[in-house]
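Okay, structure first, notes after.
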Amino acid sequence: MATGADVRDILELGGPEGDAASGTISKKDIINPDKKKSKKSSETLTFKRPEGMHREVYALLYSDKKDAPPLLPSDTGQGYRTVKAKLGSKKVRPWKWMPFTNPARKDGAMFFHWRRAAEEGKDYPFARFNKTVQVPVYSEQEYQLYLHDDAWTKAETDHLFDLSRRFDLRFVVIHDRYDHQQFKKRSVEDLKERYYHICAKLANVRAVPGTDLKIPVFDAGHERRRKEQLERLYNRTPEQVAEEEYLLQELRKIEARKKEREKRSQDLQKLITAADTTAEQRRTERKAPKKKLPQKKEAEKPAVPETAGIKFPDFKSAGVTLRSQRMKLPSSVGQKKIKALEQMLLELGVELSPTPTEELVHMFNELRSDLVLLYELKQACANCEYELQMLRHRHEALARAGVLGGPTTPASGPAPAPAEPAVSEPGLGSDPSKDAIIDVVGAPLTPNSRKRRESASSSSSVKKAKKP
């Protein structure tokens, strides 16, 4: 007869010692058996790895319920190695040594190879990769009516089309195998031109009305010019290559200088327009009646370029603002302009931070904007004067050297702005006449380039003066 201990053993239930001794099963043992298992598993002893022992050495110890580590190396698992083929699981397909012919060959040659027995009698599988060009065929009547040419005989035309079929329109091979002894010597372009001319004629004659034609076109003249140009390019000497690189470099410099000059002229035009607009606006304000119409005044205010003067920010947002904030210079004004502006205000005897009343803030901002505009105009004028003076000196130097034809223009009188020659850099081996012809725009006027130009022009004038 089964007791409670036997039932508990069958159900894998472990209760307290009192219950086990009495042989009774409680309700908790039946409803929550997992808790007992987890409690039992948590009671297993765990050994801590001794200090100083490596993890790999400690893993070799037999301290758990797992299998003991093997004493000899074994290869029971597959791991990262390639799975071996399981031979003998299926029946092997038979292979046979059988003959075959290639449909791409026209000589009927017989070959042998190993092939599966099930594929006996089938076509050679690689024959489908043999692509042939469809070369048109013409009759005697079509040749006499449409294809006749005085420079080509019918026998020579037939020979050309026969080689085209044999070598699949590989015209270099056709030209190599062409019979130049029996027929006239032809170039590759002549052969292509004759072939494609006949193809276009036959396509036009045989075309069905109302269908779109794809007529091949070959420009023999363009092909000849292209090959001549490539041959000239290939036969260039190192000196010609160096000269071409020098000319391309000078062309890039000319384009960069031209863009910079255009940009400077646009900036100068903006400054002049801004100055005229400001002066005209002041005259209009003086003549207009003194009525406060702020909205109409802002609407009728002429547009002034942003680069002219100073554009102060407008405080139109809600909230309390200080009037002195309207006198603060924007971040777009550089430190150099700020120092120049302060110097000009000190020379005029104006305070740098006046009392910020409504009228004073408006007039002070206008004064500083006009002073910045004046500063920019002075800079532009100085650049133009410097450039004009440099061009005059160079014109005189070139006139003395005999590069320019005509009398020498004195430096004091007005002189036209000639083409500015480029300063020849050392190592390029260029003469002044070439530089005078190449550089038609002039170099940008930066402080470093000015110093280099002055030194180069002075040294070149001294060298020319020393020559007998």
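The values are calculated or read from the model by the stated rules, or taken from the named source; none is laboratory data. This is a predicted model, so every value here is computed, not measured. When we count neighbours, we look across all protein chains shown, and the Cβ atoms used for this are built from the backbone with ideal geometry, even at glycine. Please note that ligands, DNA and RNA were not included when accessible areas were found on the heavy atoms of the full protein model with its side chains. Shrake-Rupley method; radii C 1.70, N 1.55, O 1.52, S 1.80 Å.
Things worth noting here:
- Pairs meeting the criteria (first residue in segment 212-224 and without any contact (Cβ under 8 Å) to a residue 12 or more places away in the chain, second residue part of a loop (DSSP other than H, G, I, E, B) and of a type in the set (A, V, I, L, M, F, W, C), beta carbons under 6 Å, at least 6 apart or on different chains) are Leu213/Ala207.
- Of all the numbered requirements in (1) of a type outside the set (Gly, Ala, Ser); (2) under 28 Å from Leu268 (Cβ atoms); (3) not in a helix (DSSP H, G or I), Leu352 misses one, and that requirement is (2).
- Any hit, segment 86-98, residues being touching a Pro at 6+ places or on another chain (Cβ under 9 Å) and either among the polar types (S, T, N, Q) or open to solvent by 70 Å² or more (accessible area, probe 1.4 Å) (or both): no
- The set of residues from segment 177-191 being open to solvent by 50 Å² or more (accessible area, probe 1.4 Å) and either touching a His at 6+ places or on another chain (Cβ under 9 Å) or closer than 21 Å to Asp149 by Cα (or both) comprises His180, Gln181, Gln182, Lys184, Lys185.
- Complete set of residues in segment 218-254 that are within 28 Å of the chain's Cα centre (by Cα) and open to solvent by 100 Å² or more (accessible area, probe 1.4 Å): Glu245, Arg252
- Residues in segment 312-331 include none that are of a type outside the set (A, V, I, L, M, F, W, C), part of a helix (DSSP H, G or I), modelled with pLDDT of 80 or more and open to solvent by 40 Å² or more (accessible area, probe 1.4 Å).
- Filtered residues of segment 359-404 (kept if more than 46 Å from the chain's Cα centre (by Cα), in contact (Cβ under 8 Å) with a residue 12 or more places away in the chain and either at positive phi or open to solvent by 70 Å² or more (accessible area, probe 1.4 Å) (or both)): Arg400
- Unmet requirement for Gly210, which otherwise passes all of (1) of a type outside the set (Ser, Thr, Tyr); (2) closer than 21 Å to Leu169 by Cβ; (3) out of contact with any Ser or Thr (no Cβ under 9 Å at 6 or more places or on another chain): (2)
- Failed item, numbered, when Ile215 is tested on (1) at pLDDT below 90; (2) exposed (fewer than 11 other Cβ atoms within 10 Å of the Cβ); (3) β-branched (Val, Ile, Thr): (2)
- In the set (1) open to solvent by 60 Å² or more (accessible area, probe 1.4 Å); (2) modelled with pLDDT of 90 or more; (3) within 20 Å of Pro216 (Cα to Cα), Ile174 fails one condition alone, (1).
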